[in-house]
1. Of the residues that make up the range 82-96, is at least one in contact with a Ser or Thr (Cβ under 6 Å, 6 or more places away or on another chain) and assigned to a loop (DSSP other than H, G, I, E, B)?
2. Could you identify the single residue in 88, 94 that is open to solvent by 80 Å² or more (accessible area, probe 1.4 Å) and free of Cβ contacts under 8 Å to residues at least 60 places away in the same chain?
3. Looking only at the range 1-60, which residues are among the polar types (S, T, N, Q) and either outside any loop (DSSP other than H, G, I, E, B) or touching a Lys or Arg at 6+ places or on another chain (Cβ under 7 Å) (or both)?
4. Restricting the search to the range 98-134, which residues are open to solvent by 60 Å² or more (accessible area, probe 1.4 Å), of a type outside the set (S, T, N, Q), under 22 Å from residue 70 (Cβ atoms) and part of a loop (DSSP other than H, G, I, E, B)?
5. Against the conditions (1) modelled with pLDDT of 70 or more; (2) more than 28 Å from residue 29 (Cβ to Cβ), where does residue 151 fall short? Just the number, please.
Amino acid sequence: MKWITRARPKIDRIACPWLIKRFIDPEGEIIYVPYEEVLTKAAELDAIPFDIPNVEYTHYEDQCTFDYFLKKHQLKDAALSRLAAIIRGADTDRHDFAPQSAGLEAVFSGLRYDIADDQQLLALGMVIYDGLYNWAKYLHKQKHTDGPVEQRLIQVYHQYLKSKGDKKAPSWTKELKEMIQDQIDTNMSLGPFFQDF
């Protein structure tokens with residue numbers, strides 16, 4: 001099948017092709033044309049238009065086109081539902097739908113600013129949405145501070161703050177927490193801290 005939408009894609013117009021190619025129509029061809037040509041070219045090319053007003057595959061109420069694809073094709077996958085909330089929030093400027101929405105919009109706005117070729121944007125978007133889907137399927141419960149050392153340090157930090165009651169925490173405690181979080185991805189060890197004891 002051929003699928004056609006407006007040129008200069010950003011969030012939904014990259015998410016929908018990703019969904020099409022990964023779950024609906026792996027051999028599907030995605031075509032981007034100027035807005036005013038979408039319906040004419042759709043008729044000429046026997047392509048299905050999406051993400052424009054007054055077609056079947058479009059926004060409904062507070063949901064975006066990605067949501068409609070999920071509903072229409074009965075894609076019941078918890079990871080896709082998580083992804084839908086993120087995409088919906090990014091595409092409709094409702095970043096309260098999911099904490100990741102603002103970041104997704106920032107990434108695609110930045111890519112679109114720098115890349116003029118719509119198919120190049122789509123190729124990059126496919127990789128980004130593959131990664132986001134993997135996160136939504138396998139890693140969404142994982143925290144950045146999952147290691148035992150980091151968890152213990154964060155626990156000590158919070159116990160310290162709790163023991164101080166309503167008193168304001170000293171500024172060094174905030175700096176310490178930031179240092180711990182900044183070092184989480186390194187091979188941090190408590191060994192050097194305890195070698196003098």
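The values are calculated or read from the model by the stated rules, or taken from the named source; none is laboratory data. Nothing here was measured: the structure is a model prediction, and the numbers come from that model. No Cβ is skipped: glycine too gets one built from the backbone with ideal geometry, and neighbour counts run over all protein chains shown. The protein model used for the area step is the full one, side chains on, heavy atoms only, and it has no ligands, DNA or RNA in it. Shrake-Rupley method; radii C 1.70, N 1.55, O 1.52, S 1.80 Å.
1. Looking for residues that are in contact with a Ser or Thr (Cβ under 6 Å, 6 or more places away or on another chain) and assigned to a loop (DSSP other than H, G, I, E, B), one finds at least one in the range 82-96, hence yes.
2. Details: 88 fails: open to solvent by 80 Å² or more (accessible area, probe 1.4 Å).
After ruling out the rest, the residue left standing is 94.
3. Within the range 1-60, 5, 40 qualify.
4. 99
5. (1)
Condition check ((1) hydrophobic (A, V, I, L, M, F, W, C); (2) surrounded by 20 or more Cβ atoms within 10 Å (Cβ to Cβ); (3) closer than 18 Å to residue 136 by Cβ) across all residues:
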{"position": "33", "(1), (2), (3)": "yes, no, no"}
{"position": "37", "(1), (2), (3)": "no, no, no"}
{"position": "61", "(1), (2), (3)": "no, no, no"}
{"position": "77", "(1), (2), (3)": "no, no, yes"}
